[in-house]
Each structure stands twice: as structure tokens, then as C-alpha cells.
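The values are calculated or read from the model by the stated rules, or taken from the named source; none is laboratory data. As the structure is a prediction and not an experimental result, all values here were calculated from the model. Cβ coordinates were reconstructed from backbone atoms using ideal geometry, including for glycine residues, and neighbour counts include every protein chain displayed. These area figures cover heavy atoms from the full protein model, side chains too; ligands, DNA and RNA do not enter into them. Shrake-Rupley method; radii C 1.70, N 1.55, O 1.52, S 1.80 Å.
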Amino acid sequence: MDVRLDFDGGTLRISGPPDVERFAPQAVWDPRTGCHRAPAHHYASLRDGLSDAGFPVDDRVQARIVAGAPSRSPPRSCARTSKPRSTHGPRTGDAASWCCPPARARHAWPSPPWPLCARAASSSARRALLEQWERTLRSWYRGPIGIVGDGQRRVEALTVMTFASGYQRLDELGAHFSLVVVDEVHHFATGRQAEALEMCPAPHRLGLTASAEVPHSAAAERLDELVGPVVYEVALSTLLGTHLAPVDLVRHRVRLGPNEREAYRRAYEPFAERVASLRRASPELDWSGVLRTLARSAAGRDALSGLERAMALSGFPQQKRELVGRLLERHWTERTLVFTALARDAYDLARRHLIPVITAEVGRAERHEILDRFRDGTYRAIASARVLNEGLDVPEASVAIVVGSRAGPREMLQRIGRVLRPVAGKRAMVHELITAGTLDATRAARGHNALR
């Protein structure tokens with residue numbers, strides 16, 4: 001008996017014998033529609049499994065994929081950097097080798113030309129990166145490039161879409177693509193982003209990241225399922241001075257003033273005392289369990305609010321504000337990116353030093369103007385919280401001032417990467433500002449371990 005595979009609302013609709021689950025363990029019975037269904041990302045393995053079991057497969061999914069191919073070579077090979085980290089690649093199909101994606105690559109494709117033998121969707125982290133992906137792709141691909149995101153919805157044989165649009169649209173558009181390239185693939189280990197990849201049947205997948213998940217962790221195993229196993233990784237030290245600019249990292253330690261120290265103590269101590277009490281009563285609780293438990297009571301929520309205030313105080317005290325000014329003056333002839341933990345801190349620095357700011361609230365036209373003026377040297381510095389953390393290609397930037405962080409080692413790696421784009425004669429400089437004896441110093445120590 002034939003088995004028919006259709007793409008339907010981000011799932012595979014399987015019409016065929018009633019015992020199909022014996023041969024397709026991914027399938028479950030859907031009583032609402034009277035058929036079996038499976039997550040779309042199981043398409044290739046499910047199709048092959050049914051064929052191996054002797055079922056003729058009427059594959060309506062493959063019929064929806066439209067062919068297309070690039071006419072020129074891909075952009076430069078090294079696009080991401082890290083300490084040993086990974087990229088993910090095709091779950092099925094011919095093995096191949098990427099032209100050196102410097103982080104971790106979960107499989108990939110032969111050396112140029114890159115054989116985009118069918119539709120491809122590239123998932124980009126933020127709106128600001130849509131234009132960057134489109135601009136880079138246009139340098140080697142002559143066909144039309146689709147854009148899905150930032151108010152645009154144009155699907156072509158080669159399409160770039162944001163993470164959010166992938167979640168919202170792949171239940172409808174997922175079957176158009178046979179190759180999916182996922183930039184910053186670590187975002188797809190959990191949550192809505194993971195669901196987006198579940199809704200796409202593309203049998204070929206390539207993930208790129210400079211900050212991979214811990215091997216054998218739940219997140220890493222989830223990426224193995226959705227994208228594929230790690231097939232390539234390279235250390236940051238291997239790339240510095242060749243594919244990446246050499247870099248100097250200087251750590252500046254500051255202290256809280258007397259009033260700041262007292263405010264920090266009042267904010268943090270109630271939280272620390274409640275956490276210690278919970279640990280004594282329930283030593284098996286992990287950090288997530290502690291936070292969930294605190295959130296259930298008014299007193300616990302007050303303690304969490306205190307933690308937020310303490311983190312904000314230690315992330316941007318007066319000595320850091322003054323030091324940023326001195327560093328901006330020292331590097332006034334160089335293009336500088338200033339990173340803060342919070343958007344409000346970025347705006348504060350922008351007002352103090354009369355520099356532009358890019359946050360999630362900044363619109364597309366203003367963002368374009370700021371980056372263009374930064375590239376041509378009109379603006380010498382930009383302040384940002386997290387928008388510029390990942391992927392943005394601004395090779396003119398040579399100095400990073402990391403004022404504060406909230407996302408740990410991964411964020412630090414990403415921020416350093418923003419000034420490592422190679423330019424002839426460039427030597428990058430990273431200044432990390434750390435508030436001694438506070439949560440800020442604890443956060444920084446975790447980042448230092450990740451960079452070793």
C-alpha cells in the first residue's frame with residue numbers, strides 16, 4: 001500500500017496503512033483529521049525509513065521544493081570565531097566539507113561554488129542582520145533574494161528570514177526549502193526558535209555559531225536532533241592574526257563608592273539570605289528551581305527585585321561611567337563599540353558623550369544611518385546594550401569597551417567578535433570593566449573561564 005507524505009501546517013501528514021507507526025516511530029495518530037502526523041523536521045528520516053520498509057512513498061513534500069542554484073562563489077570562508085565551538089550541518093544526504101566555518105559547523109558543502117541545489121532559507125538573528133545577509137549574498141548570487149521579516153514577506157529560491165519570522169511563518173513556508181542555513185544556531189536549542197526548525201522539512205541543514213552549547217547537555221542534544229551533529233570546530237587562537245585580527249584584552253577593575261556599596265548591600269543581602277535558606281532546606285534545587293521557588297511568594301519576588309537592583313548597580317557604577325569617558329578620549333581616533341548590560345545604560349552613555357545609540361527601539365532607517373556614518377568615520381563610537389552583540393559585520397570597529405553584561409560567557413565571546421573582523425594593519429583592543437567584590441565580578445570570572 002502506498003504511503004503519501006504531505007506538508008500541512010508545519011507537520012507531515014502521513015496517509016497510508018493504519019500500522020504505519022511500526023515503520024515510522026516519529027508518527028502519531030491524529031484523530032481530528034483521521035491520519036498520522038509527525039514533526040516536519042523528521043521528513044528525510046521518515047521518508048527513508050518507509051522506503052526501506054518496502055512502502056512505495058508518494059512524496060508530495062519533495063514536489064513543493066523549487067530548484068535554484070547560485071551562479072558565483074560564496075563569500076569568504078571564515079565568518080565566525082570562537083574558542084573550540086561548533087557548527088551543525090545536514091541531517092541527511094551526501095557528506096561534504098564546509099570551507100572552514102570557524103566556530104562549530106554541523107556539516108556542510110563542498111568548496112566553491114556552494115551547491116544550493118534547491119531553495120535555501122537563512123535564518124538571521126535580528127532585523128539589523130537581514131540587510132547584512134542580503135548585501136553579502138548579493139556579492140556572489142545573481143538571482144533574486146527573498147526577505148521575510150522586518151515588515152517584508154518575499155519568498156525566493158534563496159531567502160533570508162529573521163528568527164521571529166521563522167517561528168511565525170515556517171508552518172506555511174517551511175516546505176519551500178531543502179537547505180536551511182541557521183546563523184547563531186545556539187539560539188535554536190530551546191523555546192520558540194526550536195519549534196521553528198521543527199516546522200521545516202528541509203533535509204539539508206547547516207548551523208553556525210561562535211558559542212556552542214556544552215557537549216552532551218540537553219541543549220546540545222536538541223541541536224543534534226534539529227540540525228545535526230558537530231562536524232567542524234576551530235579554536236579562536238588558531239584564527240587570530242590570520243582570518244581574524246590580533247587582539248589585546250585589558251581588564252579594568254573598579255569599586256563601588258560608599259553610597260553605592262550600601263545600596264548594593266541592602267538590595268543583595270535579602271536575596272542571598274533567602275537563597276541560602278532554600279539551599280539548606282532543598283539541596284537538590286538547581287538555580288532554575290531556586291528562581292521558580294522565589295517567584296511563588298511576595299517575599300521571594302521582593303528578593304528577586306533586589307537581585308535586579310544589585311546587578312544594575314554593580315553593572316554601571318560611577319567609576320565605570322568615568323572610566324568609559326577616559327577610554328573614549330584615549331581611542332577618539334578609532335572606531336569604538338561600547339556595550340552595556342542594560343539599554344538605559346547605553347542611553348545614559350550616549351547622552352554623556354554625545355555618541356549615537358542602537359537599541360531594539362531604534363528604527364530601521366535610523367539604524368542604517370548610524371552604521372553608515374560609523375563605517376565612513378563620521379561617527380567614531382556607538383553605544384549599545386545587546387543589539388550589536390551577534391553577527392553584525394563592521395570591520396571598521398577596532399575597539400570594544402564592555403561596560404557590563406547580563407548573559408555570561410557567550411555574550412562576552414560575541415562582543416569580542418565584533419572587533420575581530422580582519423582589516424589590513426588592524427590590531428583590535430577590548431576593554432572589560434569589572435566591579436570588584438560584586439555580582440559583576442562573578443559574571444566576569446565565568447566569562448574569563450570561557451575564553452581560556
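Here are the numbers:
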read-out	value
Exclusive hit being farther than 19 Å from Arg344 by Cα and at pLDDT 90 or above, set Ala428, Ala424	Ala428
In region 43-57, the residues that are in contact with a strand residue (DSSP E or B) (Cβ under 7 Å, 6 or more places away or on another chain), surrounded by 15 or more Cβ atoms within 10 Å (Cβ to Cβ) and either modelled with pLDDT under 90 or not aromatic (Phe, Trp, Tyr) (or both)	Leu46, Arg47, Leu50, Phe55, Val57
Residues satisfying the stated conditions in region 376-403, i.e. over 23 Å from Glu322 (Cα atoms), at pLDDT 90 or above and either outside any loop (DSSP other than H, G, I, E, B) or not polar (S, T, N, Q) (or both)	Asp376, Gly377
Close pairs (7 angstrom Cβ cut-off, 6 or more residues apart or separate chains): closer than 12 Å to Arg309 by Cβ in region 248-277, in a loop (DSSP other than H, G, I, E, B) anywhere	Glu260/Pro317; Tyr264/Leu256; Tyr264/Thr438
Conditions (1) among the charged types (D, E, K, R); (2) closer than 28 Å to Asp372 by Cα; (3) free of Cβ contacts under 8 Å to residues at least 40 places away in the same chain; (4) crowded, with 21+ Cβ neighbours inside 10 Å; number of the one not met by Glu213	(2)
Exclusive hit being open to solvent by 10 Å² or more (accessible area, probe 1.4 Å) and not polar (S, T, N, Q), set Ala407, Ala428, Ala397	Ala407
Tabulated pairs, region 356-367, first under 15 Å from Leu337 (Cβ atoms), second modelled with pLDDT of 90 or more and among the hydroxyl-bearing types (Ser, Thr, Tyr), C-beta under 8 angstrom, 6+ apart or interchain	Pro356/Tyr379; Val357/Tyr347; Val357/Ser384; Ile358/Ser384; Thr359/Tyr347; Thr359/Ser384
The lone exception for Glu334 - which of (1) closer than 23 Å to Ser384 by Cα; (2) among the acidic types (Asp, Glu); (3) outside any loop (DSSP other than H, G, I, E, B) it fails	(3)
Filter result for Leu291 (closer than 30 Å to Ser384 by Cβ, without any contact (Cβ under 8 Å) to a residue 24 or more places away in the chain and within 29 Å of the chain's Cα centre (by Cα))	yes
Lone qualifier among Leu371, Leu337, Leu413, Leu328 - being on the phi < 0 side of the Ramachandran plot and over 24 Å from the mean Cα position of the chain (by Cα)	Leu328
Hits in region 147-160 - residues which are within 14 Å of Val181 (Cα to Cα) and out of contact with any Leu (no Cβ under 7 Å at 6 or more places or on another chain)	Ala157, Thr159
All positions within region 290-348 that are closer than 22 Å to Ile370 by Cβ and touching a His at 6+ places or on another chain (Cβ under 8 Å)	Val324, Gly325, Leu327, Leu328
Region 329-369 - residue that is in contact with a strand residue (DSSP E or B) (Cβ under 6 Å, 6 or more places away or on another chain) and within 20 Å of Val250 (Cα to Cα) and, of those, most open to solvent (accessible area, probe 1.4 Å)	Glu334
Qualifying positions in region 347-375 - within 19 Å of Val394 (Cα to Cα) and part of a helix (DSSP H, G or I)	Arg364, Ala365, Glu366, Arg367, His368, Glu369, Ile370, Leu371, Asp372, Arg373, Phe374, Arg375
Failed criterion for Ala445 (all others in (1) in a helix (DSSP H, G or I); (2) within 25 Å of Gly241 (Cα to Cα) hold)	(2)
Residue identified as open to solvent by 40 Å² or more (accessible area, probe 1.4 Å), of a type in the set (Val, Ile, Thr), under 30 Å from Val394 (Cα atoms) and in a helix (DSSP H, G or I) among Thr238, Thr242	Thr238
Every residue from region 296-306 that is open to solvent by 20 Å² or more (accessible area, probe 1.4 Å) and either modelled with pLDDT of 95 or more or closer than 14 Å to Pro270 by Cβ (or both)	Ser297, Ala298, Ala299, Arg301, Asp302, Leu304, Ser305
Candidates Arg292, Arg309, Arg279 - the one that is part of a helix (DSSP H, G or I), at pLDDT 95 or above and not hydroxyl-bearing (Ser, Thr, Tyr)	Arg309
Residue match in region 250-259 (condition: outside any strand (DSSP E or B), modelled with pLDDT of 95 or more and open to solvent by less than 90 Å² (accessible area, probe 1.4 Å))	yes
Residues satisfying the stated conditions in region 144-191, i.e. assigned to a loop (DSSP other than H, G, I, E, B), out of contact with any Lys or Arg (no Cβ under 8 Å at 6 or more places or on another chain) and open to solvent by less than 20 Å² (accessible area, probe 1.4 Å)	Glu184
Residue check for Ala202: part of a loop (DSSP other than H, G, I, E, B), out of contact with any Lys or Arg (no Cβ under 8 Å at 6 or more places or on another chain), within 11 Å of His41 (Cα to Cα) and small (Gly, Ala, Ser)	yes
